[in-house]
Amino acid sequence: MESQGSGRDGWSSRSAFILAAIGSAVGLGNLWRFPAEAGANGGGAFVVFYILCVVLIGLPVLLSETLIGRHGQSSAPESARRLARESGASRHWSILASLGVFSAFMIVSFYCVVGGWVLHYIWVFISDLFQTGLTGGAFQGRDPAEIEAIWPSLAGNGALTVGLDFAFLAITLFFVARGVSSGIEIMAVWLMPAFFILLIAITIYGSFGGAFSETVDYLFTFEPEKLTGPVMLAAVGQAFFSLSLGVSGMITYGGYVGRNVNLAGTSVIIASADTFVALVAGLCIFPIVFAAGLGANAGPALMFQTLPHAFQSMPLGSVIGILFFVMVGVAALTSSVALLEVPTSWLMEKTGLRRVPAACTIAFGAMILGALSALSTNQLADFYPLNFIPLFEGQGVFDVLDGLTSKIFMPVAAILTTIFVGWVADRRLIDSETGLSGGLQVIWRFLVCWLCPLALLAILAVGIFPDSIG
Ligand code: PHE
């Protein structure tokens, strides 16, 4: 089916768009990054401030991005150019979207590396199930140190991590190559409900483990003295990454939305669902970790090193392990598809290439960059020093791409987006796209014109000069 009016491929319905956009937002950012960040930044203070950021910054930027896309009905840069042209502004405003396209390309390359790790853990638990059977916990009779060693031995195996990265990228490519309505949409419509069922089931199961109330205390007890500058910064950045903002993702998906869809309403649904999943992921992961007597602040290793260890003491541990990592893989896939679609739709429009060759070209580029990322997380990191950029001193390709996108490109793109929508674009066009009126419109204009650009400017400043706060 096609979106109304144009002959362009598009979402077949409003709910298809909502599911695909939720699929884009809900991903490793919620399940892997959010609990790790909350754990590393003191729990409650981070979580409460994070929610504030989603409402005050995330929501207006999300609405801004989707409305640019829906108005333009094109790839992200062309949509921005169109709105600029119709507003009598410079067509160079499309830079806000071009920057996003570039970021999406960089993110998809390392995102698939993490997707590959997830594939590995699905396999680890499947083979464990065959070895130990259904009863009891996972990894029976194995030393905790041995279980924790799975993670460094994976990260240290260059050929395996690169192979898994390519496998995850190939699955992503398959859905993008099939197109919007018959690939991306079908995947989201089937996988997102499955994801939600798994998430709720695992959370309820974990809540019987006994450490549930400890988790609720940990995540929601607000201690103002813990809300330091760096914690606030981490929360803002996380909200941004989690809602897929600043990479033209929501502009691209908005470009496939029909005229009859209320964008303000759908933005609220998408942001609520994403935040709900992040919070439930916290409620799902921490009881398992606490019940096993493990620490909450393991950072990125929380999911890949701490959690597998915790499945050892859990009845049906290997089955729960499989289900858990399948759930993470599903969430990651619906996000990596969004990330690959952004540069693919741009390349199609730019060169006139058909979808399949365009998607393959972008995937090929992501393969090369991804292989560098995959290798740079292990001992080969020393071969790829980017020490000439002070901010990234001593980091491998993976961390440089992550830092460059989340600390610089995403905030810059979003600042430009809010200035463009709030100050530059024709107000009547914007108002007709948002459909807001009265008090809600006043609040929206205050947020998009003032609060968002100023708050994001602050994030950018501390991203580049991290020593200036604290
Ligand atoms: N929001 C996704 C996540 O939380 C990541 C992502 C970023 C996806 C940007 C698309 C665009 O994992």
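No value in this document is a laboratory result; all are computed from the given coordinates. Just so it is clear, the structure is predicted and the values come from calculations on it, not from any experiment. Note: ideal-geometry Cβ built from the backbone for every residue, glycine included; neighbour counts use all protein chains shown.
Out of segment 198-240, which chymotrypsin sites (Phe, Trp or Tyr not before Pro) are coil in DSSP terms and have no more than 16 other C-beta atoms within 10 Å?
Sparse-neighbourhood loop chymotrypsin sites (Phe, Trp or Tyr not before Pro): F208, F222.
Does segment 26-104 come out rounded, prolate or oblate by the C-alpha gyration tensor, with a ≥ b ≥ c the root eigenvalues, rounded set by a/c under 1.5 and, if not, prolate when a/b is larger than b/c and oblate if not?
Prolate, since a/c reaches 1.5 and a/b exceeds b/c.
Of L199, F398, A264, which is farthest on the positive side of the dipole of the chain, counting Cα position, with +1 on Lys and Arg Cβ, -1 on Asp and Glu Cβ, and the Cα centre as origin?
It is A264.
How far is helix 14-25 tilted, in degrees, relative to the longest principal axis of the Cα atoms in the chain, given as a value from 0 to 90 rounded to the nearest 10?
The angle comes out near 60 degrees.
Rounded to the nearest 20 Debye, what is the dipole magnitude of the chain about its Cα centre when Lys and Arg each give +1 and Asp and Glu each give -1 at the C-beta?
1440 debye
Run through every distinct alpha carbon pair of the chain and return the Kirkwood hydrodynamic radius in angstroms, one decimal place.
Computed over Cα pairs of the chain, the Kirkwood hydrodynamic radius comes out at 22.4 Å.
Give me a comma-separated list of calculated 3J(HN,Hα) values for segment 115-123, in order, Karplus coefficients 6.51, -1.76, 1.60 applied at θ = phi - 60°, integers in Hz, x for any Gly or Pro.
Here the 3J(HN,Hα) series is x, x, 4, 4, 4, 4, 5, 4, 5 Hz.
For segment 432-445, just list the computed ³J(HN,Hα) in residue order, Karplus coefficients 6.51, -1.76 and 1.60, θ = phi - 60°, integers in Hz, with x standing in for Gly and Pro.
Using θ = phi - 60°, the values come out as 6, 6, 6, x, 7, 8, x, x, 4, 5, 5, 4, 4, 5 Hz.
In nanometres, what is the gap between the two model label sites at F220 and I200, each 7 Å from Cα along Cα-to-Cβ?
Once both label points are built, they end up 1.8 nm from each other.
Convert each backbone phi in segment 236-248 into a coupling constant with the Karplus relation 6.51 cos²θ - 1.76 cosθ + 1.60 (shift: θ = phi - 60°), then list the ³J(HN,Hα) values in order as whole Hz, x for Gly and Pro.
Taking θ as phi minus 60°, the curve returns 4, x, 5, 4, 4, 4, 5, 8, 6, 9, x, 10, 6 Hz for segment 236-248.
Given the options G282, A170, L416, identify the residue whose Cα lies farthest towards the positive end of the charge dipole of segment 2-468 (+1 on Cβ of Lys, Arg; -1 on Cβ of Asp, Glu).
Farthest towards the positive pole: L416.
Given the options G100, V113, H71, identify the residue whose Cα lies farthest towards the positive end of the charge dipole of segment 1-115 (+1 on Cβ of Lys, Arg; -1 on Cβ of Asp, Glu).
Result: H71.
In terms of modelled amide H atoms, which long-range or inter-chain residues lie less than 5 Å from the amide H of S74?
Under 5 Å from the amide H of S74 lie the amide H atoms of S79, each far enough along the sequence or on another chain.
In what sequence, highest mean first, do 140-147, 116-123, 76-83 appear when ranked by Cβ atoms within 10 angstrom?
So the order, starting with the most tightly packed, is 76-83, 116-123, 140-147.
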